[in-house]
Amino acid sequence: MTIPSRISVPGDGLEMVADAYGDPAAPPVCFFHGGGQSRRSWAKSALLVAQAGYYGLTFDLRGHGDSGWAADGDYLLEAYGRDVESIIQAFDRPIALVGASRGGQSALVGGSRHADLVRLIMLADVAPYMVDDGVDDIRDFFRASDCGFASLEDAADALHTYLGQPRLPDVSGLAKSMRDVDGRLFWHWDPRTTAPEFLHPPSEGEALIAAARRAKSPLVLVKAELSEIVSDESVRQFRALAPHLEVEIAHGVGHMFTGDRNDAFADRLLHHLAIHLPL
């Protein structure tokens, strides 16, 4: 696989680290991962859009991977949105935003404030109104991760048990997403990002509703058919807020589907880029 270059872009008071694929002079397509993931989750899609002629950038969210941790502990959605705004302004040219879960929320909140530059916001299974029972599974996963893991095998078991992801046949790749603290393995994120007050608080829904109403850029939702988070009613309510919303279905998959369906997602993305951010 092509080795990306690593770049750093100012966020809202911290540095945002990204892997960059392709020609820096090409139209930028910025990818944002889900909570608890890292920029590597979008690597295949970024490479594919780069091969198609775009500049693909996969960012670590604040408090994740190699991006900065919030000194003030601010991990509310508005803070993630401000980071996206800073990235948009740093490029200061037409751009596309792609995000899964928390990254999609961030892209919607930040991108909705810059319709002059944002030509496309494409979301992987995230909407202003979400099924809270599905969020409970994510909360359980974070709680199970608080004390770390004795081995990569244990970490893979947690992914499988709480998030419904297929059990990894080879767990060695998880090492890149973990840090060793006194012999135990922790996910490579600031523990404060998973505090209860940051996991689907009322302010999150308010920010998303306002962003959906504000959004004027082309807006595409790829809903996971088996999503525990985004229901058919969630989609209906999203459309009521943003009538220009386009909805596609990713068949046979659940909420955190982009890791396994990255290539298929990239094909959908390239179709929309050709329309809204042509080369």
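The values are calculated or read from the model by the stated rules, or taken from the named source; none is laboratory data. Please read these numbers as outputs of a predicted model, since none were measured by experiment. Every residue, glycine as well, gets a Cβ built from its backbone with ideal geometry; the counts of neighbours run over all protein chains shown. Side chains are part of the model used for accessible areas, which takes the heavy atoms of the whole protein and leaves out ligands, DNA and RNA. Shrake-Rupley method; radii C 1.70, N 1.55, O 1.52, S 1.80 Å.
The C-beta contact set for the range 13-42 (first residue closer than 30 Å to A158 by Cβ and among the acidic types (D, E), second residue open to solvent by less than 10 Å² (accessible area, probe 1.4 Å) and part of a strand (DSSP E or B), distance under 7 angstrom, 6+ apart or interchain) comprises D19/T58. Taking only the range 66-92 into account, find how many residues are more than 25 Å from I209 (Cβ to Cβ) and surrounded by 23 or more Cβ atoms within 10 Å (Cβ to Cβ). Here the count works out to 1. Can you find a residue that is open to solvent by less than 20 Å² (accessible area, probe 1.4 Å), assigned by the TED database to the domain that holds V84 and part of a helix (DSSP H, G or I) anywhere in the range 209-224? Checking the range 209-224: at least one residue is open to solvent by less than 20 Å² (accessible area, probe 1.4 Å), assigned by the TED database to the domain that holds V84 and part of a helix (DSSP H, G or I). Can you tell which of A46, A52, A20 is at negative phi and out of contact with any strand residue (DSSP E or B) (no Cβ under 7 Å at 6 or more places or on another chain)? Just a single option satisfies the conditions, and that option is A52.
D125 fulfils the conditions (1) at pLDDT 85 or above; (2) open to solvent by 10 Å² or more (accessible area, probe 1.4 Å); (3) within 21 Å of A43 (Cα to Cα) except for a single criterion, (2).
Determine whether the range 105-119 contains at least one residue that is open to solvent by less than 40 Å² (accessible area, probe 1.4 Å) and either at positive phi or of a type in the set (F, W, Y) (or both). Within the range 105-119, none of the residues are open to solvent by less than 40 Å² (accessible area, probe 1.4 Å) and either at positive phi or of a type in the set (F, W, Y) (or both).
Within the range 11-57, work out how many residues are of a type in the set (D, E, K, R), crowded, with 21+ Cβ neighbours inside 10 Å and modelled with pLDDT of 95 or more.
Adding up the residues that qualify gives 1.
Contact map, the range 227-249: first residue in the same structural domain as A266 (by the TED database), second residue charged (D, E, K, R) and exposed (fewer than 13 other Cβ atoms within 10 Å of the Cβ), Cβ cut-off under 7 Å, separation 6 or more or different chains; pairs are L241/R213; I249/E225. Of all residues in the range 144-189, those that are assigned to a loop (DSSP other than H, G, I, E, B) and either open to solvent by 50 Å² or more (accessible area, probe 1.4 Å) or small (G, A, S) (or both) total 14.
Across the range 1-10, the qualifying residues are those that are assigned to a loop (DSSP other than H, G, I, E, B) and of a type in the set (A, V, I, L, M), and the one among them that is modelled with the lowest pLDDT is M1. Residues satisfying the criterion are present in the range 130-143 (criterion: open to solvent by 20 Å² or more (accessible area, probe 1.4 Å), part of a loop (DSSP other than H, G, I, E, B) and under 24 Å from E248 (Cα atoms)). When the range 1-41 is filtered for residues that are of a type in the set (A, V, I, L, M, F, W, C) and farther than 12 Å from S86 by Cβ, the ones remaining, listed by number, are M1, I3, I7, V17, A18, A20, A25, A26, V29, F31, F32.
Would you confirm whether or not the range 44-58 contains a residue that is touching a helix residue (DSSP H, G or I) at 6+ places or on another chain (Cβ under 8 Å), within 16 Å of P191 (Cβ to Cβ) and not assigned by the TED database to the domain that holds A158? Scanning the range 44-58 turns up no residue that is touching a helix residue (DSSP H, G or I) at 6+ places or on another chain (Cβ under 8 Å), within 16 Å of P191 (Cβ to Cβ) and not assigned by the TED database to the domain that holds A158. Looking only at the range 80-129, residues that are assigned to a helix (DSSP H, G or I), touching a Ser or Thr at 6+ places or on another chain (Cβ under 7 Å) and among the aromatic types (F, W, Y) come to 1 in all.
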